[in-house]
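Here is the structure we will look at, set down as structure tokens.
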Amino acid sequence: MDLTKIKSIDTLQRFIIDNNDKEGFYGDGKNIPTIDEIPITHKFADQIYIRQMDMKKDQVVVGCMHNHLHAWFLMTGSVTINDNGKIIEYVAPYYTISKPGARRIIRAIEDSIFISIHKNPSNTKNKKKLEKEIVSITKKKFMKYKQLNKKL
């Protein structure tokens, strides 16, 4: 998949949702899917949530919109990321800080390990609760979250 030809993340997400009954397409646009082919590992430290995603070559993920400033690390491999229309290739090892509102399409150029680090002030290990705090599935939900949490 050539990420430079994608007009918008919303267009790709709509395409995936419309085809989620086909092999290799996952997601309904309402919930974060669990995909056996793209395992997610969850780790916890004091007030910190660590989320690891293992991607195989050529897998593509449309991410949710992040509600908070957070760090992410590319531990192994290489990926191309369409970050709100900006296309960048990253080669491990790499890390950066991601701003609220960031939403990405990630394509693994080779097998890759992608880790994001999020605040977890309540120390909850409930992944559904964390997901609701950390990400918004749609821009509308992000704007509502931002309005309710004026700190952003």
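The values are calculated or read from the model by the stated rules, or taken from the named source; none is laboratory data. None of the values given here were measured: they were computed from a predicted structure. For neighbour counting, all protein chains shown are included, and Cβ atoms are generated from backbone atoms with ideal geometry for every residue, glycine included.
Residue-by-condition table, conditions (1) under 27 Å from Asp46 (Cβ atoms); (2) part of a strand (DSSP E or B); (3) touching a residue at least 60 places away in the same chain (Cβ under 8 Å):
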{"site": "Ala71", "(1), (2), (3)": "yes, yes, no"}
{"site": "Leu74", "(1), (2), (3)": "yes, yes, no"}
{"site": "Ile97", "(1), (2), (3)": "yes, yes, no"}
{"site": "Ala102", "(1), (2), (3)": "yes, no, no"}
{"site": "Arg107", "(1), (2), (3)": "no, yes, yes"}
{"site": "Ile115", "(1), (2), (3)": "yes, yes, yes"}
{"site": "Lys125", "(1), (2), (3)": "yes, no, yes"}
{"site": "Glu133", "(1), (2), (3)": "yes, no, yes"}
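Annotation: Ile137 fulfils all but one of (1) over 25 Å from Glu23 (Cβ atoms); (2) out of contact with any strand residue (DSSP E or B) (no Cβ under 7 Å at 6 or more places or on another chain); the unmet one is (1). As a summary of the residue check, Asn84 satisfies the conditions (1) over 15 Å from the mean Cα position of the chain (by Cα); (2) over 20 Å from Ile40 (Cα atoms) except for the one numbered (1). Against the test of being in contact with a strand residue (DSSP E or B) (Cβ under 6 Å, 6 or more places away or on another chain) and surrounded by 12 or more Cβ atoms within 10 Å (Cβ to Cβ), the options Asn120, Asn149 yield a single qualifying residue, Asn120.
For segment 76-95, the set of residues classified as surrounded by fewer than 15 Cβ atoms within 10 Å (Cβ to Cβ), at pLDDT 95 or above and assigned to a loop (DSSP other than H, G, I, E, B) consists of Pro93 only. Condition check: surrounded by fewer than 18 Cβ atoms within 10 Å (Cβ to Cβ), closer than 23 Å to Ile17 by Cα and out of contact with any His (no Cβ under 6 Å at 6 or more places or on another chain). Does Lys129 satisfy that? No; evaluated as a whole, the condition is false for this residue. Note on segment 71-112: residues that are under 21 Å from Glu133 (Cα atoms) and in contact with a Pro (Cβ under 9 Å, 6 or more places away or on another chain) total 1. Residues in segment 107-133 that are of a type outside the set (S, T, N, Q) and farther than 22 Å from Tyr145 by Cβ: Arg107, Ala108, Ile109, Glu110, Asp111, Ile113, Phe114, Ile115.
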